[in-house]
Amino acid sequence: MLRVENLYKSFDGFIAVNGAELVVEKGQRVAVIGPNGAGKTTLFNLITGQLKPDRGKVTFNGENIGTLPPHEVCRRGIARSFQIANIFHRLSVFKNVQVSVLSRQKKSNTFFHPAHRMAVQETDRILESVGLLDKVDDIAGSLSHGDQRILEIAIALGTEPQLLILDEPTAGMSPDETAATMGLIRRLSETQGLTILFCEHDMDVVFNTAQSIMVMHYGKTIIQATPEEVRANRTVQEAYLGGEEDA
């Protein structure tokens, strides 16, 4: 579904992504790990159109998307969450997701129909699938940190993505919130066939969730393989797993 080939990105002479390679098969849960500064978020920004690569290729469903702006990448079927929850804090939980659904349906500029009556069933269905249906009328900014991150996933689901990219989805969460969020991610993958690409600092989360792991170091891909092969790789142990576990 997604292929990254020999990708490069530099900032004022600093090479953030240095020939990265990545393959994501349809239906897989793929993790990207690496120390601080390894280039993980920059890689995600390149895939989703937030940044343009200096060299290399990003292919999604056979199409080169490396030069597309973010909204066109989204329309191709890629949705993204960020390290800091990107939600409409002053809107209700329901309206946060409804906006996403209406945008995908190209009804966000419809002036002749009351917005509160549009896409109600689909919005409710998405909120139910992530466990937020009982909070539809809550103001998004009043939610707990964990629920705000889950709401961000619900907003992403409103675009009906084929590939969901999650940037540190459990950052700042309690152990219970982490378990609930990763359980949701696995459930979305297994029941809806959603392909998921994520980066995460918690190695227990990574090795218990991912089916394939790509390891970055200084912007380069060290290896992409099964969790068992990655754990056993000596270069990975020296560069990452044996040192400070901070992604």
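No value in this document is a laboratory result; all are computed from the given coordinates. Predicted model, so just to flag it, every value in this text is computed and none were measured. All Cβ positions, even for glycine, are placed from backbone atoms using ideal geometry, and neighbour counts span all protein chains on display.
Please rank S100, S142, S129, S212, fewest neighbouring Cβ atoms within 10 Å first, as an exposure proxy. Could the numbers behind the result be given before it?
Details: S100 24, S142 12, S129 17, S212 20.
Final ranking by Cβ density, sparse to dense: S142, S129, S212, S100.
Its residues counted as N, the stretch 133-180 yields a C-alpha radius of gyration over 2.2 N^0.38 Å of 1.20. Please identify which residues in the stretch 165-181 have an amide N closer than 20 Å to a label point set 7 Å out from the Cα of F207, following the Cα→Cβ vector. Only 168-171, 175-176, 178-180 fall inside the zone, counting backbone N under 20 Å.
Put a plus charge on the Cβ of each Lys and Arg, a minus charge on the Cβ of each Asp and Glu, and nothing anywhere else: the dipole of the chain about its Cα centre is then about 1060 debye.
Say a site is exposed when it is one of the trypsin sites (Lys or Arg not before Pro), sits in a DSSP loop, and has at most 12 other Cβ atoms within 10 Å; what is then the longest site-free stretch of the chain? Intermediate values should be presented prior to the final figure.
Numbers: sites that count: K26, R90, K106.
In the chain, the maximal stretch lacking such sites is 107-247.
Within 10 Å, at most 10 other Cβ atoms, and a DSSP state outside H, G, I, E, B define an exposed site. Report the longest part of the chain free of exposed chymotrypsin sites (Phe, Trp or Tyr not before Pro). By the stated rule (loop sites, at most 10 other Cβ atoms within 10 Å), 113-247. Spherically averaged projected area of the convex hull of Cα atoms, the chain: 13.6 nm².
Sorted from greatest to least, the principal axis extents spanned by the alpha carbons of the stretch 139-247 come out as 47, 27, 23 Å. The calculated FRET efficiency for the pair L133 and E229, based on their C-beta separation and a Förster distance of 41 Å, comes to about 0.55. To the nearest 10 degrees, how steep is helix 175-192 against the longest Cα principal axis of the chain, on a 0 to 90 scale? Around 80 degrees separate the two axes.
Among the GluC sites (Glu not before Pro) within the stretch 1-51, those in coil by DSSP and having at most 13 neighbouring Cβ atoms inside 10 Å are E25. Projecting the alpha carbon convex hull of the stretch 43-172 along each direction and taking the average yields 8.5 nm².
To check you understand DSSP bridge types, tell me what percent of the beta bridges within the chain (both residues inside) are antiparallel, rounded to 5. Among the beta bridges of the chain, antiparallel pairing accounts for roughly 55 percent. Projecting the Cα atoms of A180, G146, F82 onto the charge dipole of the chain, computed from C-beta unit charges around the Cα centre, puts F82 farthest toward the positive end. Centre-to-centre separation between the Cα atoms of the stretch 2-58 and those of the stretch 167-209: 20 Å.
In the stretch 5-52, a dipole from Cβ-located charges (positive for Lys and Arg, negative for Asp and Glu) runs towards its positive end, and of Q50, N18, A38 it is Q50 whose Cα lies farthest in that direction.
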